Amino acid sequence: MSKKNNQNVNSGSFIDHLTELRSRLVKSFIFLIFLFIICYFFSTDIYRFLVQPYSNAVLAENLERRLIFTALHEAFLTYLKVAFFAAFFISSPFFLTQLWKFIAPGLYKNEKKALLPYLVATPTLFILGGCIVYYLIMPLAIKFFLGFETVAEPGVIAIQLEAKVNEYLSLIMRLIFAFGISFQLPVILSLLARIGIIDSKYLSERRKYFVVIIFAMAAILTPPDPITQIGLALPLLLLYELSILTVKLIEKKQDA
């Protein structure tokens with residue numbers, strides 16, 4: 001009889017957890033949709049903000065350039081994509097908060113203290129990666145690509161860039177997400193160290209393998225040009241070295 005009662009209690013507890021998880025996912029989804037609607041009304045301003053690196057690079061070279069779209073629905077879909085991108089970016093902290101509220105009741109006090117810095121570091125590193133793309137990588141990449149333009153000469157037609165709106169915005173949004181996610185490297189490695197899967201010695205001895213992996217990942221996540229690839233690989237190498245130092249600090253605290 002007691003076994004059946006325990007099974008019923010465990011079953012009820014599991015269902016309660018699933019119900020709470022569903023509730024928090026629904027709240028997050030509703031919040032995302034709400035932000036999407038708001039962001040759509042400001043999609044023109046968000047679009048101008050994302051296009052600003054291209055505008056600055058063109059104006060700095062005293063060039064007359066434009067962004068074009070070649071399909072009737074392309075501009076409309078682009079604004080929808082921009083609104084969803086902004087809504088997802090803004091709602092990320094809310095998703096993390098809901099996740100924390102779901103797992104926090106099952107943690108001890110010391111475990112909560114250990115995980116709390118990661119909740120702060122995750123969005124901070126994501127925003128840092130996005131800022132590096134927006135303020136550093138994109139201006140350098142645009143200037144690099146504009147360097148392949150040629151002027152018209154007798155018997156030779158000019159080669160000029162007429163970027164498509166959808167392609168440009170897809171590129172910068174993809175790079176922001178790629179850099180933001182890649183910048184979670186210290187969070188992932190330090191979490192693996194806390195649960196005992198890796199240690200500082202493991203990371204130090206396999207540094208050369210991680211260097212190859214980082215450059216391979218940079219080549220996959222970015223366009224086939226040296227500016228964006230090196231721009232992603234170098235910060236990741238620095239973050240990897242920072243991760244080794246962080247893991248060493250974790251080990252010292254665990255030994256103490």
Exercise. Please determine, by comparing only the residues of the stretch 146-160 that are at pLDDT 80 or above and aliphatic (A, V, I, L, M), which one is surrounded by the most Cβ atoms within 10 Å (Cβ to Cβ).
Key: Leu146
Quiz item: When the stretch 60-99 is examined, which residues are found to be within 15 Å of Phe49 (Cα to Cα) and not in a helix (DSSP H, G or I)?
Solution: Leu67
Quiz item: Which numbered condition trips up Gln184, out of (1) over 29 Å from Arg66 (Cβ atoms); (2) among the polar types (S, T, N, Q); (3) touching a strand residue (DSSP E or B) at 6+ places or on another chain (Cβ under 9 Å)?
Solution: (3)
Quiz item: In the stretch 125-171, how many residues are part of a loop (DSSP other than H, G, I, E, B) and touching an Asp or Glu at 6+ places or on another chain (Cβ under 9 Å)?
Solution: 3
Quiz prompt | Residues (part of a helix (DSSP H, G or I), surrounded by 16 or more Cβ atoms within 10 Å (Cβ to Cβ) and free of Cβ contacts under 8 Å to residues at least 60 places away in the same chain) located in the stretch 177-187 | solution = Phe177, Ala178, Phe179, Gly180, Ser182, Leu185
Quiz item: Of all residues in the stretch 229-253, which are among the polar types (S, T, N, Q) and out of contact with any Phe, Trp or Tyr (no Cβ under 9 Å at 6 or more places or on another chain)?
Solution: Ser243, Thr246
Exercise. For the stretch 72-130, enumerate the residues that are among the hydroxyl-bearing types (Ser, Thr, Tyr), in contact (Cβ under 8 Å) with a residue 40 or more places away in the chain and under 28 Å from Asp45 (Cβ atoms).
Key: Thr78, Ser91, Thr122
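Rundown of residues vs (1) touching a residue at least 60 places away in the same chain (Cβ under 8 Å); (2) crowded, with 16+ Cβ neighbours inside 10 Å; (3) among the hydrophobic types (A, V, I, L, M, F, W, C), yes/no style:
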residue: Leu175; (1), (2), (3): no, yes, yes
residue: Ser190; (1), (2), (3): yes, yes, no
residue: Lys201; (1), (2), (3): no, no, no
residue: Val211; (1), (2), (3): no, no, yes
Practice problem: With respect to Pro223, determine if the residue is of a type outside the set (A, V, I, L, M) and in contact with a Phe, Trp or Tyr (Cβ under 8 Å, 6 or more places away or on another chain). | Solution: no
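The values are calculated or read from the model by the stated rules, or taken from the named source; none is laboratory data. Just so we're clear, the structure is a prediction, and the values are computed from it rather than from any experiment. With ideal geometry, Cβ positions are generated from the backbone for all residues, glycine too; neighbour counts draw on all protein chains shown.
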